[in-house]
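Asker: Here it is: the structure, laid out below.
The values are calculated or read from the model by the stated rules, or taken from the named source; none is laboratory data. What you see is a predicted model, and the numbers here were worked out from it, not measured in a lab. Here the Cβ positions follow ideal geometry from the backbone for every residue, glycine too, while neighbour counts run over all protein chains shown.
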Amino acid sequence: MGGVAGGAGVREAAPERTAPARRPQNGSNHFGLRQKTVTYLVLAPLAILFLAPFAWLISASFQPMGEIFSTTPHWIPQDPTMEGYKGFLNVGDLTKAQQGQGHGDWRWFANSAFVAVTITVLQTFFNALCAYAFAKRRFPGRNAIFVLFLATMMVPGQVTLIPNYLIIQHIPFFGGNDWMGSGGHGWLDSYWGLIMPGIVSAFGIFLLRQYMLSIPDQLLEAARIDGAGEFRIFRSVVLPLCGPALAANAIFTFQGAWEDFFWPLIIMSSPDKITAPVGLALFVVQNRTSWTLLFAGSVIATLPMIIVFLVFQRRFVQGIALTGIKG
Amino acid sequence: MAQPLVRTETDTAPVKTGGRWPRRGSGPALPHPDRRGLPARVWKERSAYVFLMPGMLIFSVFTLAALVFAVYLTFHRWSIIEPDKPFVGLANYRDMIHDERFIESVLNTIYFSGASVPLSMGTGLLLALLLNLPLRMRGLFRMAFYLPVVTPFVVSAILWKWLYNGDYGLFNYYLLQAHIIDDPLLWLSDKNLAMPAVVLMSVWAGAGFSMVVYLAGLQAIPRELYEAARIDGAGAWQRLRYVTIPALRPTTLFLLVMGIISSLQVFTQIFVMTSGGPVNKTTTMVYYMYLWAFKYFDMGYASTLAFALFLMLLVFTALQLRLSRRESGAWAA
């Protein structure tokens, strides 16, 4: 892009070689040096404003408490320390006192990673299964079930949050519950409770179904005639053709699961089982003072998101275009 | 073992290649050419139900049953800590209408949406227009503005809580340095500043999303429109006003609806940054519901509050569903 703009003068000397309408000769409409300078002068300060909080976050995560709490903020740590990061390296259990005194727990991140990856894998798979049935199979009740799915997309998560808390609490045979689902705490404070409600999403099913509709029926027919079983068709014909849609579903699910806050906040209670967002947020809300640790933890919690974004950047934009949403 | 059976039966499923229907004289145009009874058709397509099973199971428990249960809760006084949970009819709904804190939470939520949605969309549009120009380092700029969207919300909230800190925060420091203010502001503990502060943080966190969607919208505008406008003598401003903005209307509508839906559900920022304070000035509907459910343990009333939110959202979600259905084709292309 930049190269084309730079060579514009040369191109215009040889008319009709490039697409004629692309850049008019009229000087006033030309995106000239002056406009370009003005644009940069607007963009650069905006970019600095947007990035400054990150720069501060990274810098502060290396500053000792005294430096964070100084009246003049330092953008470059004068006395760099790894204390914040080391605060998460503990192994084994923390005493209550340690938890209060600004120790973090590496398991927050491990929990987040485990839960987010599990939800992503299972949800993408189960969504695809349902989407395939809706898109490519004709069976009694299909439309009714599909409309039901669509209708529930209009229900905000907050409405089912409270009943789900009670449902989770009364899952039979788990967490000390009897077969009637009472007596114990069920799936509360367990990974089951974190993962299970998240392994299907009506929205993901809808997205994948729309995509699968574009797969020609003849392909599936051909596979059937070749003797492929139903699951074989799904795995070897349908799934490979849904790459972009599956990727979009997986990326947004991972992102959503990693930064999910409300659900883990209400159902998890053991300090070693909570996820990173909850651990960090509780730290603030309980007015603990070790901001070095908090900033370090924030950096660690952000890294996976940024890595996923950088690796799948193209897919990301595609996904937004495909779905029109961010997790 | 069952495999061959399944296969040969589903072979006949598609309407046009059906093996045994033609002799019954039903044409391929009929919706249900198979005239056999319902159980037989269900049995023939049983593998489709197997595909649906895991999803349906989770869906029935955590969405359908939960929804019914939520309605049930609103008609009961349901406290986790009390053993009996009596039926109270419409008492929860009556209480809600007369609950001043509830009314206040609705107003706060509308305040938040009304301020944060237009601001993030406006910022996003501005950024998209600038980044749609032939510049060097466009990718870099785009990433800079998109980074806050990628950042976990809790992290953004924590970070901004510190930036707003009365004694050590960067906002006060630079505003004092620039002599814009004479005394440090209390931002999140000031009843007039708390909500604007939360809004500003949310705009920072959300503008990049609008930007990316607007960029996609801008790139879909046909060049010929601009050429035609140029020939008609339209200047840059007029082209923006009469070509770009109208052409972006579907994008704007989409962002508006999505933005309203998600901003009405605001919770994380409030929980981390203000805990609903000072004096309830930032208690939004979802935060208020959270308080009733998990601080006062009254699930019945909290569920009623959730339905109030549902009602407010319903208009917008219905609109969103129509939009996404209409545009899913255009978006995918």
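Asker: Kindly indicate whether B:MET299 is under 30 Å from A:ILE162 (Cβ atoms), touching a Pro at 6+ places or on another chain (Cβ under 9 Å) and modelled with pLDDT of 90 or more.
Answerer: Considered against the rule, which asks whether it is under 30 Å from A:ILE162 (Cβ atoms), touching a Pro at 6+ places or on another chain (Cβ under 9 Å) and modelled with pLDDT of 90 or more, B:MET299 comes out as yes.
Asker: Tell me, which residue of the range B:153-183 that is without any contact (Cβ under 8 Å) to a residue 12 or more places away in the chain and within 29 Å of the chain's Cα centre (by Cα) is nearest to A:LEU303 (Cα to Cα)?
Answerer: Out of the qualifying residues, it is B:VAL155.
Asker: To continue, here is another question. Which residue pairs have Cβ atoms closer than 7 Å, lie 6 or more positions apart in sequence or on different chains, and pair a first residue in the range A:274-302 that is more than 8 Å from every other protein chain (Cβ to nearest Cβ) with a second residue that is part of a helix (DSSP H, G or I) and acidic (Asp, Glu)?
Answerer: A:THR292/A:GLU83
Asker: Looking for something within 9 Å of chain B (Cβ to nearest Cβ), buried (at least 22 other Cβ atoms within 10 Å of the Cβ) and assigned to a helix (DSSP H, G or I) - is there at least one such residue anywhere in the range A:256-264?
Answerer: Within the range A:256-264 (the criterion being within 9 Å of chain B (Cβ to nearest Cβ), buried (at least 22 other Cβ atoms within 10 Å of the Cβ) and assigned to a helix (DSSP H, G or I)), the answer is yes, since at least one residue qualifies.
Asker: Okay, next question. Tell me which of these A:ARG22 doesn't satisfy, since it passes every other one: (1) over 23 Å from B:PHE141 (Cα atoms); (2) within 37 Å of the chain's Cα centre (by Cα); (3) modelled with pLDDT under 90; (4) facing chain B (nearest Cβ under 10 Å).
Answerer: (2)
Asker: Also: How many residues does the range B:231-265 hold that are within 11 Å of chain A (Cβ to nearest Cβ), farther than 30 Å from B:PHE307 by Cβ and in contact with a helix residue (DSSP H, G or I) (Cβ under 6 Å, 6 or more places away or on another chain)?
Answerer: 2
Asker: Also, quick follow-up: Anything in the range A:193-205 that is more than 8 Å from chain B (Cβ to nearest Cβ) and either surrounded by 21 or more Cβ atoms within 10 Å (Cβ to Cβ) or touching a Lys or Arg at 6+ places or on another chain (Cβ under 9 Å) (or both)? List them, or say none.
Answerer: A:GLY193, A:LEU194, A:GLY198, A:SER201, A:GLY204
Asker: Let me ask something additional. When both residues are 6+ apart or on different chains and their Cβ atoms are under 6 Å apart, which pairs have a first residue that lies in the range B:118-141 and is within 12 Å of chain A (Cβ to nearest Cβ), and a second that is among the charged types (D, E, K, R)?
Answerer: That search, which allows pairs on different chains as well, returns B:LEU131/B:ARG138; B:LEU131/B:ARG142.
Asker: Restricting the first residue to the range B:239-261 and requiring it to be within 19 Å of B:VAL117 (Cα to Cα) and in the same structural domain as B:VAL212 (by TED's automatic domain parsing), which pairs with a second residue that is part of a helix (DSSP H, G or I) and of a type in the set (Phe, Trp, Tyr) meet a Cβ separation below 8 Å and a spacing of at least six or different chains?
Answerer: Note: pairs meeting the criteria are B:LEU248/B:TYR214; B:THR251/B:TYR214; B:LEU255/B:TYR214; B:VAL257/B:PHE316; B:ILE260/B:PHE316; B:ILE261/B:PHE316.
Asker: Can you tell which of A:SER182, A:SER190 is more than 7 Å from every other protein chain (Cβ to nearest Cβ), surrounded by 17 or more Cβ atoms within 10 Å (Cβ to Cβ) and among the hydroxyl-bearing types (Ser, Thr, Tyr)?
Answerer: A:SER190 is the lone residue from the list that is more than 7 Å from every other protein chain (Cβ to nearest Cβ), surrounded by 17 or more Cβ atoms within 10 Å (Cβ to Cβ) and among the hydroxyl-bearing types (Ser, Thr, Tyr).
Asker: In the set A:ALA250, A:ALA228, A:ALA222, which member is within 12 Å of chain B (Cβ to nearest Cβ) and in a helix (DSSP H, G or I)?
Answerer: Within the list A:ALA250, A:ALA228, A:ALA222, the selection yields A:ALA222.
Asker: What helices (runs of 4 or more DSSP H) lie completely within the range B:24-103 and have 1 or more residues being modelled with pLDDT of 90 or more?
Answerer: B:46-59, B:66-74, B:91-97
Asker: From (1) in contact with an Asp or Glu (Cβ under 9 Å, 6 or more places away or on another chain); (2) crowded, with 20+ Cβ neighbours inside 10 Å, pick out the condition that doesn't hold for A:PHE234.
Answerer: Answer for A:PHE234: the failing condition is (1).
Asker: Identify all residues within the range B:60-89 that are touching a strand residue (DSSP E or B) at 6+ places or on another chain (Cβ under 8 Å) and either within 12 Å of chain A (Cβ to nearest Cβ) or under 16 Å from B:TRP292 (Cα atoms) (or both); write none if there are none.
Answerer: B:PHE75, B:HIS76, B:ARG77, B:TRP78, B:SER79, B:LYS85
Asker: Within the set of pairs 6 or more residues apart or between chains, which connect a residue that is farther than 14 Å from A:PHE125 by Cα inside the range B:42-58 to a residue that is of a type outside the set (Lys, Arg) with Cβ atoms less than 6 Å apart?
Answerer: B:VAL42/A:PRO140; B:LYS44/B:GLU9; B:GLU45/A:PHE139; B:SER47/A:GLU230; B:SER47/B:VAL6; B:ALA48/A:ALA133; B:ALA48/A:PHE139
Asker: Moving to a separate point now. For the range B:215-230, does any single residue satisfy the condition of being in the same structural domain as B:LEU313 (by TED's automatic domain parsing) and closer than 21 Å to B:SER116 by Cβ?
Answerer: yes
Asker: For the range B:173-188, how many residues meet the condition of being within 14 Å of chain A (Cβ to nearest Cβ), assigned to a helix (DSSP H, G or I) and in contact with a helix residue (DSSP H, G or I) (Cβ under 8 Å, 6 or more places away or on another chain)?
Answerer: Total satisfying the criteria: 1.
Asker: Residue by residue through the range B:132-165, note down the ones that are of a type in the set (S, T, N, Q) and either farther than 15 Å from A:LEU51 by Cα or at pLDDT below 90 (or both).
Answerer: Scanning the range B:132-165 gives B:ASN132, B:ASN165.
Asker: Quick check on the range A:137-149: of everything there that is facing chain B (nearest Cβ under 9 Å) and assigned to a helix (DSSP H, G or I), which residue is surrounded by the most Cβ atoms within 10 Å (Cβ to Cβ)?
Answerer: A:PHE149
Asker: Go through B:LEU200, B:LEU225, B:LEU218, B:LEU170 for me and flag whichever is farther than 27 Å from A:VAL38 by Cα and surrounded by fewer than 20 Cβ atoms within 10 Å (Cβ to Cβ).
Answerer: Criteria check complete, one pass: B:LEU170.
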